[in-house]
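Chemist: Structure below; questions to follow.
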Amino acid sequence: MVTILGISGSPRKSATEYCVKEALKAAEEIKGVSTEFIALRGKRINGCIHCDRCLREEKLYCPAHDDDMKELYDYFVKADGYIIGSPVYQMVMSSQLQAFLNRLRPLWPYIKDGYLFSKVGGAIAVGGTRHGGEETTLLAINNFYNCFGIIPVSGGPWAYNGAAVWSQDRREEGAREDLVGMETVRVIGRRVAQVATWIKYGKERADAEGIPVNIRSVGD
Ligand SMILES: Cc1cc2nc3c(=O)[nH]c(=O)nc-3n(C[C@H](O)[C@H](O)[C@H](O)COP(=O)(O)O)c2cc1C
């Protein structure tokens, strides 16, 4: 089974959550794909304080904060692909999503050893204004993937960097009305599932034939 994890970075149950769930529905159209969903809304996730305890103590979770982040690491590590959606806040991702992504720093050993290199990710940005920073938000999410060695997935023409949705500041109803934006959401959902499936089965075959797939990070 290939597992795609959807993450909504909105602090409320609204347009972004709707879009991520629509993308997951599209992902499930690909045979053998199952999905999981995490909403960051209502979760207490403090910002990273750069104490480096996770690295020094070689913990795969953050030992500095006792908050809701603890229960989320496992979901992230187990998934084969990600669909991360954010509302556009001042032309970038929400602070809730930024805190979540920063707090994944304890997963550094998985980056160093190349474990995350075979995973893929798609991005969704939901703005209240057309051209209100959807592109820069997609870039920020894709930059996160690049930092972790996760392969960012393009939706091809019309969904180049990911899915861009204009909610007109009218929550789910507004997003639903953006027919072009919602089509990019579904394209990203299917593409992430498709590429994750190709990579998972391709990697299994490569492993069976003794072809090394995981290459350790440079500079280590
Ligand atoms: C603090 C804040 C900053 C925002 N900044 C932008 C922005 O720069 N560009 C934009 O298009 N919309 C902006 N919006 C509007 C939201 O992106 C928009 O309403 C979005 O649909 C919210 O997603 P949600 O419904 O999932 O919460 C902002 C909203 C808030 C609360």
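Chemist: Starting from the amide H of GLY121, placed 1.01 Å from N in the peptide plane, find each other amide H under 5 Å away whose residue is 5 or more places distant or on another chain.
Modeler: TYR82, ILE151, VAL153
Chemist: Ignoring GluC sites (Glu not before Pro) that are buried or in helix or strand per DSSP, and keeping those with at most 16 other beta carbon atoms within 10 Å, what is the longest stretch of the chain between them?
Modeler: 59-208
Chemist: Report, in cubic angstrom per residue, the convex hull volume of the C-alpha atoms of the range 47-117.
Modeler: Working: hull volume 7.4 nm³, N = 71.
With only Cα atoms used, the range 47-117 gives 105 Å³ per residue.
Chemist: Can you order the peptides 88-95, 185-192 by their average number of other Cβ atoms within 10 Å per residue, highest first? Please list the in-between numbers first.
Modeler: Values: 88-95: 18.9, 185-192: 26.6.
The peptides rank, most packed first, as 185-192, 88-95.
Chemist: Also: Rolling a 1.4 angstrom probe over the protein heavy atoms, how many square angstrom per residue are accessible across the chain?
Modeler: Details: 10860 Å² over 220 residues.
Each residue of the chain exposes 49 Å² on average to a 1.4 Å probe.
Chemist: Now, a different point. With label points built 7 Å along Cα→Cβ from the Cα atoms of TRP108 and HIS50, find their separation and express it in nm.
Modeler: With each label placed 7 Å out from Cα toward Cβ, I get 1.3 nm.
Chemist: Further question on the same structure: Under 5 Å between amide H atoms, partner at least 5 residues away or on a different chain: which partners does THR35 have, H built in plane at 1.01 Å?
Modeler: Counting only residues 5 or more places away or on other chains, the set is ILE4.
Chemist: Also, quick follow-up: Determine Rg/Rh for the range 1-132; Rg is computed over alpha-carbon atoms and Rh is the Kirkwood hydrodynamic estimate from the same atoms. The partial results should precede the final answer.
Modeler: Working: Rg = 15.1 Å, Rh = 15.5 Å.
Rounded to two decimals, Rg/Rh equals 0.97.
Chemist: Continuing with this model, one more query. Order of 105-115, 119-129 by packing, highest average Cβ count within 10 Å first?
Modeler: Details: 105-115: 16.4, 119-129: 26.9.
Per-residue mean Cβ counts within 10 Å order the peptides as 119-129, 105-115.
Chemist: Continuing with this model, one more query. Could you please state, rounded to a whole Å, how far the C-alpha centre of the range 14-33 is from the C-alpha centre of the range 174-201?
Modeler: Measuring centre to centre over Cα atoms gives 7 Å.
Chemist: State the Kirkwood hydrodynamic radius of the range 81-179 in Å, one decimal place, computed from all pairs of distinct Cα atoms. Kindly include the intermediate steps, with their values, before the conclusion.
Modeler: Numbers: mean 1/r = 0.0720 Å⁻¹.
It is 13.9 Å.
Chemist: May I have the convex hull volume per residue, in Å³, for the Cα set of the range 130-220?
Modeler: It is 113 Å³ per residue.
Chemist: Tally Lys and Arg at +1 and Asp and Glu at -1 over the other residues with C-beta under 11 Å from the C-beta of LEU5: what net charge comes out?
Modeler: On the way: positive: LYS78, LYS119; negative: GLU36, ASP74, ASP80.
Counting the neighbours of LEU5, the net charge comes to -1.
Chemist: Using only Cα atoms, figure out Rg for the chain and give it as a multiple of 2.2 N^0.38 Å.
Modeler: Working: Rg = 16.9 Å, N = 220, 2.2 N^0.38 = 17.1 Å.
It is 0.99.
The values are calculated or read from the model by the stated rules, or taken from the named source; none is laboratory data. What you are looking at is a predicted structure, and each value in this text was computed from that prediction instead of being measured. When we count neighbours, we look across all protein chains shown, and the Cβ atoms used for this are built from the backbone with ideal geometry, even at glycine. We work out accessible area using only protein heavy atoms, side chains counted, and drop any ligands, DNA or RNA first. Shrake-Rupley method; radii C 1.70, N 1.55, O 1.52, S 1.80 Å.
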